[in-house]
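The values are calculated or read from the model by the stated rules, or taken from the named source; none is laboratory data. Every value quoted in this text rests on a predicted model; they were computed, and no experiment measured them. Neighbour counts are summed over all protein chains in view; Cβ atoms, including those assigned to glycine, are modelled from backbone coordinates with ideal geometry. Note: areas computed on protein heavy atoms with side chains; ligands, DNA, RNA excluded. Shrake-Rupley method; radii C 1.70, N 1.55, O 1.52, S 1.80 Å.
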Amino acid sequence: MIWFLLKRFLAMIPVLWATITLTFLLVRLAPGGPFTDEKQYPPQAIEQINRHYGLDQPMYIQYLRYLGKLLRGDLGPALKYSGRSVNSIIAETFPVSLELGLWALLVALLIGIGAGVVAALRPNSALDWVSMMLSMGGICIPAFVLGPLLVLIFALGAGWFNASGWVTASDRILPSITLGAAYAAYIARLTRSGMLDVLPQDFIRTARAKGISEWRVIAVHALKPGIFPVVSFLGPAIAGIISGSFVTETIFHIPGLGKMFVAGAFNRDYTLVLGLVVFYSVLVILFNTLVDVVLAILNPRLKLST
Amino acid sequence: MTENQHSTTNASPGRLAWRRFRRHRPAMVALVLLSLLCAAALLAPVISPYPFEQQDLDLGATAPSSQHWLGTDDLGRDMLSRLLHGGRISLAVGVCATLASLCIGVVYGAISGYAGGRTDNVMMRLVDILYALPFTVFVIILMVVFKRNLLLLFIAIGAVEWLTMARIVRGQVLALKEQTFIRAARALGYSHGRILMRHIIPNVIGPIIVYTTLTVPRVILLESFLSFLGLGVQPPMSSWGLLIRDGARMMESYPWMLIYPSLTLSAALLSLNLTGDALRDALDPRALR
């Protein structure tokens, strides 16, 4: 077991390295820099700025320096926000994105698993049909359509919510639904097919024959193996929720990481973009690994040695 | 009944699949809708009532009327014309980028599965690593860093979407290559290339078609996502994502600018997904629920 964990975590290192190197190359090889469009600076000043940030050094030195700093957990200064480090920007905006992501995940899991179980209990019934149609809708209505439409109907039309912002508790509702809807849809489909596989099996009949209440049979005996596909979907889902926050945070003007990333990308803020990509990648890869480990623990048939 | 049986006995697999597909009522509706959307996009230059980039600043934004069926945007451009031309771009990106990912994925997966052993191991490990990369982030960086043109958009999206195709094809090829007809082909002294192209790939065409159909909506979604963030198709060109971006900006005053593009994009995605699902059921009878 310990070997398995160790192996999984060691396998993360080359992926991380590849991500960092690729991003570094992409961002640095691009024509134009963060200070090229600011014409009001005299050339000497730009030279001085470049020297200050080490941008005048050869590429490989910059790369090695960056890796060295990274190992010490320092993501460097943000070029377009003078006097602020990428670390401090992340520390300020990540909690917002994390909260949004958690709410969205909660929405996705509650609605998704609920709808999936209901659909699987009465396959081909009207209820099944309705929840699967809804889930199809969730897949086909992307966040950047759903978000503005929700704002149009419930904020501008009905006036129940603020159209944007992240201050009051009710500000959390529309963004969470926007971000979570697509994942709720996938989870509903996965839960339905997982439950349909489990429900006809012998051990469910045995549990029913023992006189266990129907609710307990479904919630405890069937659901545990039934949501297996959902657990393996959680890795990509969390990754998707993290990157999906770009759109949601832009729509609702939420001061989170995603909005920062889009702004940084537009401004060609090298270090900010690079730092955020590193941070995202660590998160995504960590979650994927964690999900694999959880799956291995849940499923005794999966060999831990591989 | 007898007529039906008669036609079943001498029907090709393709015709059988078509018959199963036709029985799927929602998918047939979806297919009709899809054909209409494609025809509208293809004929956009002919059927658009106005040139899509023609501005009329005096007119400004107007609600749908008999002159402008879907209204005009804040620059006085006809929404119907922009929607039709936007569909052209969105569908073109969808088809081209899917074809790019199809070619890379099928060739890569087939070679990996056919070669087997260490080559297969290395090639698939590479796919695993690429899978773990946060690709949306990369596409965004790519679009920011380089000049935003359509070709780059095709390449960026195609480069993201080939991974799953490679995995699917590899799995199928692994299962196929030990079968006797492949061994026979090898015994006849055919080259590896010929065996791959003539004997193996035609036999995995089913899953390839199904996955391709399901890739198109994902690609369209990715293009719209990028255009929505302002990183994809650039104005005065038009695409569904771009129209939704403009619509979301203006929805407070001119809600029709948001509603029609949103409906069109969702309808396109819905019909593509339904068609893909029905194709999967039709081409793989064992997967029938």
Matching entry among A:Lys259, A:Lys224 (being touching a helix residue (DSSP H, G or I) at 6+ places or on another chain (Cβ under 9 Å), within 14 Å of chain B (Cβ to nearest Cβ) and open to solvent by 60 Å² or more (accessible area, probe 1.4 Å)) = A:Lys259
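Give me a count of the residues in region B:230-246 that are over 20 Å from the mean Cα position of the chain (by Cα) and at pLDDT below 85.
Summing the residues that are over 20 Å from the mean Cα position of the chain (by Cα) and at pLDDT below 85 in region B:230-246 gives 5.
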Condition met for A:Gly112 (assigned to a helix (DSSP H, G or I), touching a residue at least 40 places away in the same chain (Cβ under 8 Å), farther than 22 Å from A:Leu174 by Cα and open to solvent by less than 60 Å² (accessible area, probe 1.4 Å)) | no
Please state which one of B:Thr264, B:Thr213 is in contact (Cβ under 8 Å) with a residue 60 or more places away in the chain, of a type in the set (Val, Ile, Thr), closer than 22 Å to B:Asp74 by Cβ and in a helix (DSSP H, G or I).
-> B:Thr264
With region A:195-258 as the region, which helices (runs of 4 or more DSSP H) entirely inside it contain at least 1 residues that are aromatic (Phe, Trp, Tyr) and in contact with a Phe, Trp or Tyr (Cβ under 9 Å, 6 or more places away or on another chain)?
-> A:228-252
Give the number of residues within region B:37-76 that are of a type in the set (Gly, Ala, Ser), assigned to a loop (DSSP other than H, G, I, E, B) and surrounded by 14 or more Cβ atoms within 10 Å (Cβ to Cβ).
-> 4
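Being modelled with pLDDT of 80 or more, small (Gly, Ala, Ser) and surrounded by 13 or more Cβ atoms within 10 Å (Cβ to Cβ): is that true of A:Gly101 here?
yes
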Can you tell which of A:Thr178, A:Thr206, A:Thr250 is assigned by TED's automatic domain parsing to the domain that holds A:Pro148, among the hydroxyl-bearing types (Ser, Thr, Tyr) and farther than 19 Å from A:Gly101 by Cβ?
-> A:Thr206
Could you please let me know if B:Ala97 is part of a helix (DSSP H, G or I) and touching a Lys or Arg at 6+ places or on another chain (Cβ under 9 Å)?
-> no
Collect the residues in region B:214-249 that are crowded, with 21+ Cβ neighbours inside 10 Å and away from every other protein chain (no Cβ under 13 Å), keeping them in residue-number order.
-> B:Thr215, B:Val233, B:Ser238
Among the candidates B:Ile140, B:Ile200, B:Ile208, B:Ile155, residue that is more than 15 Å from B:Gly109 (Cβ to Cβ) and either open to solvent by less than 20 Å² (accessible area, probe 1.4 Å) or among the hydroxyl-bearing types (Ser, Thr, Tyr) (or both) = B:Ile140
Those residues of region A:132-170 which are open to solvent by less than 50 Å² (accessible area, probe 1.4 Å) and closer than 24 Å to A:Val118 by Cβ, in sequence order = A:Met132, A:Ser135, A:Met136, A:Gly137, A:Gly138, A:Ile139, A:Cys140, A:Leu146, A:Leu150
Can A:Ala104 be described as in contact with a Gly (Cβ under 7 Å, 6 or more places away or on another chain) and within 12 Å of chain B (Cβ to nearest Cβ)?
-> no
